[in-house]
Amino acid sequence: MTILVDKTTQVLVQGITGREGQFHAQAMREYGTKIVAGTTPGKGGQEIEGMPVFDSVVEAKEQFPKINASIIFVPARFAADAATEAIDAGLQVVTVITEHIPVHDEMRFIELARRQGSYIIGPNTPGIITPGECKLGIMPAHVFKQGRVGLISRSGTLTYEVAASLTNAGFGQSTAIGLGGDPIVGMSFVNALKLFEEDKGTDATVIIGEIGGSAEEEAAAYIKKHVTKSVIAYIAGRTAPKGKRMGHAGAIVSGKTGTADGKITALRKAGATVIERPIDVDEALQKIL
Amino acid sequence: MTILVDKTTQVLVQGITGREGQFHAQAMREYGTKIVAGTTPGKGGQEIEGMPVFDSVVEAKEQFPKINASIIFVPARFAADAATEAIDAGLQVVTVITEHIPVHDEMRFIELARRQGSYIIGPNTPGIITPGECKLGIMPAHVFKQGRVGLISRSGTLTYEVAASLTNAGFGQSTAIGLGGDPIVGMSFVNALKLFEEDKGTDATVIIGEIGGSAEEEAAAYIKKHVTKSVIAYIAGRTAPKGKRMGHAGAIVSGKTGTADGKITALRKAGATVIERPIDVDEALQKIL
Amino acid sequence: MRLFEYEAKEAFRQAGLPLPPSGIATTPDEAAKVARELACPVVVKAQVLTGGRGKAGGIKFAKNPAETKTKAAEILKMTIHGHPVQRVLVEKRLDIQQEIYVGITIDRDRRRPVVICSTMGGVDIEQVADEHPEKIARFWTDPVLGLRDFEARQIAKNAGFEGRAMLHVAGFLLRLWQVFIKNDAELTEINPLIVTKDGTYIAADARLNVDDNSLFRHKALAERLSKGISEQTELEQRAQEHGMTYVELQGNIGIIGNGAGLVMATMDAVKYYGGSPANFLDVGGGATHDRMRNALEIVISHPDVEAVFINILGGITRCDEMARGIVDAQKTLPRQVPIVIRMIGTREKEGAEILEAANIPFLNSMDAAAKRVVEHSKEGVK
Amino acid sequence: MRLFEYEAKEAFRQAGLPLPPSGIATTPDEAAKVARELACPVVVKAQVLTGGRGKAGGIKFAKNPAETKTKAAEILKMTIHGHPVQRVLVEKRLDIQQEIYVGITIDRDRRRPVVICSTMGGVDIEQVADEHPEKIARFWTDPVLGLRDFEARQIAKNAGFEGRAMLHVAGFLLRLWQVFIKNDAELTEINPLIVTKDGTYIAADARLNVDDNSLFRHKALAERLSKGISEQTELEQRAQEHGMTYVELQGNIGIIGNGAGLVMATMDAVKYYGGSPANFLDVGGGATHDRMRNALEIVISHPDVEAVFINILGGITRCDEMARGIVDAQKTLPRQVPIVIRMIGTREKEGAEILEAANIPFLNSMDAAAKRVVEHSKEGVK
């Protein structure tokens, strides 16, 4: 059991003829993901390593009606249109890898997705992986292993760091989701926690937060009320100064909101185990499971 | 039995402090319509002949939660905002008396109403009347009489002409609706025919069409398929030339569409009785009922 | 209101649509000057607020400035469908490889903008719709969300464009959509959108009709209209200035009424009884006596009018106001013609008294009045 | 990016927001000239890309041109929070009756624009939020539908405005919304929006921060940034030009990593083991060896750096590329400092070979590396 994607997920790669799209389409397929087709406007009719390329999502869906997820490698200025196209075509999971998308564009397509009932993962995310079944992203697959720990993160490489710690310690993952590093992202900790809570294949969830915004505080409130499974949390940026963007556009402490301390306190109060170093995840899990 | 409005309808008058709004609010109330309140932004707190004035629809609804219909007398450039406000507040019937509203504005608020499930009557309509129960419009009430004939019209004074003929001949009306004279209007013949078909208080329907568009052709198609009650139709503008706007912005024959002949033929084929003069409605009904 | 081609092209330019190099001229010499600046074969196009100028000879080619001067002189002397040509647009002549059609208008029945695209440009799109319906792609846009990029591409593809051509045409559709929205257009089209032999896409013609009701948002256009520069006839303009609608017809009976539907029905009744309307005037809702006076003056200004039928059904409009207007007008009218009045409804009694005092007869039945006015009109003809 | 007040005001002007009469000056004489033209008491305001200029003395009043010259001269000599003042805005001084706050920013958690309005303008809005939360009205706008007129009125009313004041403030909110949308704003505010003693509403100050990611739609701003005129320090700018993020901190250990979260975690680990980061550099995803070379150069340019910690977790980023960049950099670096490398992931083996060949040690454990670099940094201090 897993959340959002599994071995039955049929994937469309938007922007498949670009360098990144092409490379990762193949990498995902090698991992075992069912990459069914790709799109690049104006290049319909071509093939990329045997994967058919269409001009539009609708045309791809006409040919392959079971497509239910897409992954977007389209350049920032066209990414919002690509996401809107996928939402409009009724895809359930739309993963937006692209970074540097204007935030006004993000707000609009995330709102459209909400109305339509589509999940947007990202933007500016490494994607989502259900180890052994479906990799819908750009993460290095070897650090992940099939298992029963859910992983939710706002960060890319830090996720791999934690996943590697888990995997090395023998804790595989049910599904690992990168929420994305932008101030505005589609899926939230709360959305993902809800899905892991309902998932019979997940025993505990690790959340990797960072400074900026109050997504972790919201997660804490949700955990307190609705989550029965154990939650372990790590917050990056405890030592970051106020008012500076720490790499992610979203990682910024403004005024009193977004501090690591605030997040840690809220999570502790909600009953989560907050660890100080990524490496401590192993020990924390051993205590719990 | 009636459609859309009846003695329980609670009405808000948008633009109640204007000359028209004030005059007709009182006329409607004198007729027996439950005028509960009015709005004019910036004039909240005043009273018009005992009717309280609010700054917004939401504030009026807070005070009078049973308001379920509104009538708009707001000048053209502000009318779309007023309609949107009423739709947003969840009113079921929004009657837009205002004429000369830009068509782009009309398209937008009619689309919002469709999503929200509100009925827009008009714009550029005399309104709707359920004789003896509720007048939500500016029509001269004395030409209407309670009865069992439904009346749907794209025109104002022509409706009164026909209503007077009906009333004089002893045929009262269940409800009479002016759809409005603009090219784009909210409620269509088809919408209204469906409601009259379902209404146990209506025995037959009279539709008064005119040249321009193909609303009557659509009505014909609908009648053929779904309407079991008798329909009598009059089409104004048989002798109008091509390419000229005959007073109503919507009354124009463009290319091959919108001709009176096309409409008459379609309605006859659908089984409706098409009359040549308004005065003939009496005889036609006597044959049927 | 209809825009001149050069006005429409200015709106196109602001939306980033590529256009042929051009200049506007009001004299043959100016036209020659533009041709010199463009330094190439040109096309000289009459700027008139009516269609069909091509067939009427309002578009001519010229190889050099001298020829441009001659052709411009010819065109500037023309009157096309009643519109004297006052300006020509002198444009670089393009090396045409393909002609495409793109347009956006409003679909009344679906209550949405409809985007239309075809590989068959340069001809009347309604003719294409009749003869080759399969060659036309249509897309109904959500008026709240607007036209999205992926939709524009799909429209282009559905019209038969592939690859880079699809992307080019989609780009034109999106920019045309900007024109449509920004200008409150009822209709805007590029016909033809030209692909030149070197593969450039250019809007060779431009059409843009702006919603009259939106002119409060388009001050420059409102000002142009207020100067009397429009596709309307003088009487249509006079009526509009007074908030009324006037339409010219072919017969000899003037028709005045309150409410468009009623006036149309009145016209139909006149025809039913064998008469023929000369014009159509809707005084609108809640008209005052002043407006009625103006209405009568306008209708009678038409030289063919030999009898007038005034049909008043009082609702918001009051019969006494109308009666007063009729009495006032009769004092000052330039000529006397028989006037038949039908009047019922609000303040009917007061109205009747006014008319009776002025010795003006009136009827209650529309059909009786129609019969009577037809009789009068035939007396006139004798 | 943050806009200068005068740039923000130009955007406001285009949206139809009323502003005080003003002129920009780069010299005291120019400032005096503007004051003469305005012919009234003025206020001279430093144009700098930082907040708090008022407290820093960057806003001064002047009664006449002579005084304006003196005050402008004072301000033009100032450096406010590290930003030298190069321009002043000379504005007509207003007769203030009331100060209002209106602003629009983005609410991350609700994923929507939030419109903020308060009767308590002229002071820091965050302070008002803390001390008088009831004095602030907030409204979360639907990003697809945009702010509607009736919503703007409701916001103004909720903030405590009634009658005509409500309509005035709503008008400002709607025009500010246009500014927000047209400029891809992250934040725009008018603080204070002034009501003068004669009842006029004027935007006295203007703030506008534009989303860096949207600059492809705002060419003029992109160009200004490309000239190096921004709120960033020189090193931040250099990093950004190479597609990297650089942040200055207080300590003596340079931190480089790939991925913002990882670099933050690295920073936290350094602190955990008793060290103190001097700066923060995220090379981003899929960096090349060139970028790593630049990263090292930038980090070491900071004079306080006494040791560097490079933390690479290879995903799309390849360890061999990073290793090559480090080797290259070491050849050309202006000065030598101890560098501790932690490297695992994609092409780890190839990267290891490159580092070994160059005699550069590296570790696999982030914690071990953090401990080591802290030791080095303390040696340096000795």
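Values in this text are rule-based calculations from the coordinates and carry no lab data. In this text, all values refer to a predicted model and were calculated from it rather than measured experimentally. With ideal geometry, Cβ positions are generated from the backbone for all residues, glycine too; neighbour counts draw on all protein chains shown.
Check the straight Cα-Cα distances from D:Lys92 and name the aspartates and glutamates below 13 Å, setting aside those fewer than 8 residues away within the same chain.
D:Glu37, D:Asp205
When DSSP assigns beta bridges and you keep just the ones with both residues in chain D, what percent turn out antiparallel, to the nearest 5?
Numbers: 47 of 65 bridges.
Among the beta bridges of chain D, antiparallel pairing accounts for roughly 70 percent.
Could you please state, rounded to a whole Å, how far the C-alpha centre of the range B:166-218 is from the C-alpha centre of the range A:95-153?
52 Å
Convex hull over the alpha-carbon atoms of the protein assembly as shown: what's its volume per residue in Å³?
On the way: hull volume 289.6 nm³, N = 1342.
Normalising the Cα hull of the protein assembly as shown by residue number yields 216 Å³.
In whole angstrom, how far apart do the alpha carbon centroids of the range B:9-68 and the range D:287-319 sit?
Between the Cα centre of the range B:9-68 and that of the range D:287-319, the gap is 69 Å.
Going by amide H atoms built from the backbone, whose H comes under 5 Å of the H on A:Ala204, apart from near neighbours?
For A:Ala204, whose amide H was placed from the backbone, the distant partners under 5 Å are A:Gly150.
Show log10 I(q)/I(0) for the range D:234-377 at q = 0.11, 0.15, 0.17 Å⁻¹, two decimals, from a solvent-free Debye sum over equal Cα scatterers.
Evaluating at q = 0.11, 0.15, 0.17 Å⁻¹ gives log10 I(q)/I(0) of -0.32, -0.62, -0.82.
Counting pairs of alpha carbon atoms under 8 Å apart in space and at least six apart in sequence, what relative contact order in percent does the range B:10-121 give? Don't jump to the answer; show the numbers that get you there.
Values: 212 pairs, mean separation 26.1, N = 112.
Computed value for the range B:10-121: 23 percent relative contact order.
Given only helices, namely DSSP H runs of n ≥ 4 each adding -39500 (n - 2.57), what is the per-residue ellipticity at 222 nm of chain B, to the nearest 500 deg cm²/dmol? Mind dumping the intermediate values first?
Numbers: 9 runs with 99 residues, N = 289.
Rounded to the nearest 500, the figure is -10500 deg cm²/dmol.
Return the loop-located trypsin sites (Lys or Arg not before Pro) in the range A:184-245 (DSSP other than H, G, I, E, B) with at most 12 other Cβ atoms within 10 Å of their own Cβ; answer none if there are none. Walk me through the intermediate numbers first.
Numbers: sites: A:Lys194, A:Lys200, A:Lys224, A:Lys225, A:Lys229, A:Arg238, A:Lys242, A:Lys244, A:Arg245; in loops: A:Lys200, A:Lys229, A:Arg238, A:Lys242, A:Lys244, A:Arg245.
The qualifying sites are A:Lys200, A:Lys242.
Roughly speaking, what is the centre-to-centre gap between the range D:66-82 and the range B:244-271 when only Cα atoms are used, to the nearest Å?
For the range D:66-82 versus the range B:244-271, the Cα centre distance is 74 Å.
I want the antiparallel fraction of DSSP beta bridges within the protein assembly as shown, as a percent rounded to 5. Provide the component values of the computation, followed by the final result.
Working: 112 of 224 bridges.
In the protein assembly as shown, DSSP labels about 50 percent of beta bridges as antiparallel.
Taking other Cβ within 10 Å of each residue's Cβ, how do D:Trp140, C:Trp177 sort, fewest first? Mind dumping the intermediate values first?
Working: D:Trp140 12, C:Trp177 23.
Least crowded to most crowded, the residues run D:Trp140, C:Trp177.
If each label sits 7 angstrom from Cα along the C-beta direction, how far apart, in nm, is C:Pro21 from its counterparts in the other copies?
4.5
GluC sites (Glu not before Pro), restricted to the range B:94-149: which are DSSP loop and have at most 12 other Cβ atoms within 10 Å? Intermediate values should be presented prior to the final figure.
Details: sites: B:Glu99, B:Glu106, B:Glu111, B:Glu133; in loops: B:Glu99, B:Glu133.
For GluC sites (Glu not before Pro) across the range B:94-149 that sit outside H, G, I, E and B with at most 12 neighbouring Cβ atoms in 10 Å, the list is empty.
Taking a cut-off of 37 Å, what percent of all Cα-Cα pairs in chain D are separated by more than that? Could you put the intermediate results ahead of the total?
Working: 28308 of 72771 pairs.
Here the tail beyond 37 Å accounts for 39 percent of pairs.
What residue among B:Gly209, B:Gly117, B:Gly156 shows peak mean-square fluctuation when chain B is described by a Gaussian network model with Cα springs under 10 Å?
Per the Cα network of chain B with a 10 Å cutoff, B:Gly117 tops the list.
Report relative contact order for chain D in percent, whole number only (criteria: Cα-Cα under 8 Å, sequence separation at least 6).
Working: 799 pairs, mean separation 46.7, N = 382.
It rounds to 12 percent for chain D.
Do any GluC sites (Glu not before Pro) in the range A:211-289 lie in a loop, going by DSSP, with at most 15 other beta-carbon atoms within 10 Å of their beta carbon, and if so which? Intermediate values should be presented prior to the final figure.
On the way: sites: A:Glu216, A:Glu217, A:Glu218, A:Glu276, A:Glu283; in loops: A:Glu276.
Filter output for the range A:211-289: A:Glu276.
With both bridge residues required to lie in chain A, what share of the DSSP beta bridges run antiparallel, to the nearest 5%?
Values: 9 of 47 bridges.
DSSP beta bridges in chain A are roughly 20 percent antiparallel.
Per residue of B:40-49, count partner chain C-beta atoms within 10 Å of its C-beta, then hand back the mean as an integer. Provide the component values of the computation, followed by the final result.
Numbers: counts 0, 11, 11, 3, 5, 2, 0, 0, 0, 0.
Taking the mean over all residues of the peptide, I get 3.
Rounded to the nearest 20 debye, what is the charge dipole size of the range C:146-235 about its Cα centre when +1 sits on each Lys and Arg Cβ and -1 on each Asp and Glu Cβ? Kindly include the intermediate steps, with their values, before the conclusion.
Numbers: 12 positive and 13 negative charges, 79 e Å.
Charge dipole of the range C:146-235: 380 debye, to the nearest 20.
With θ set to phi - 60°, apply the Karplus curve 6.51 cos²θ - 1.76 cosθ + 1.60 along the range B:46-63 and write out the HN-Hα couplings as whole Hz, x wherever there is a Gly or Pro.
Running phi through 6.51 cos²θ - 1.76 cosθ + 1.60 with θ = phi - 60° gives 6, 10, 10, 6, x, 8, x, 9, 10, 6, 8, 5, 4, 5, 5, 5, 4, 6 Hz.
If the limit is 24 Å between Cα atoms, which of D:Lys45/D:Lys219; B:Lys7/B:Lys194; A:Lys43/D:Lys219; C:Lys9/C:Lys157; C:Lys33/C:Lys71 go over it? Could the numbers behind the result be given before it?
Values: D:Lys45/D:Lys219 27 Å; B:Lys7/B:Lys194 21 Å; A:Lys43/D:Lys219 29 Å; C:Lys9/C:Lys157 26 Å; C:Lys33/C:Lys71 13 Å.
Cα-Cα > 24 Å for D:Lys45/D:Lys219; A:Lys43/D:Lys219; C:Lys9/C:Lys157; rest within.
If one takes the longest principal axis of the Cα atoms in chain B, at what angle in degrees, from 0 to 90 and to the nearest 10, does the Cα axis of helix B:103-116 lie?
Helix B:103-116 sits at roughly 80 degrees to that axis.
Can you tell me, using C-alpha contacts under 8 Å and at least 6 residues apart, the relative contact order of chain A as a whole percent? It would help to have the intermediate numbers written out before the result.
Details: 681 pairs, mean separation 41.4, N = 289.
This gives 14 percent for chain A.
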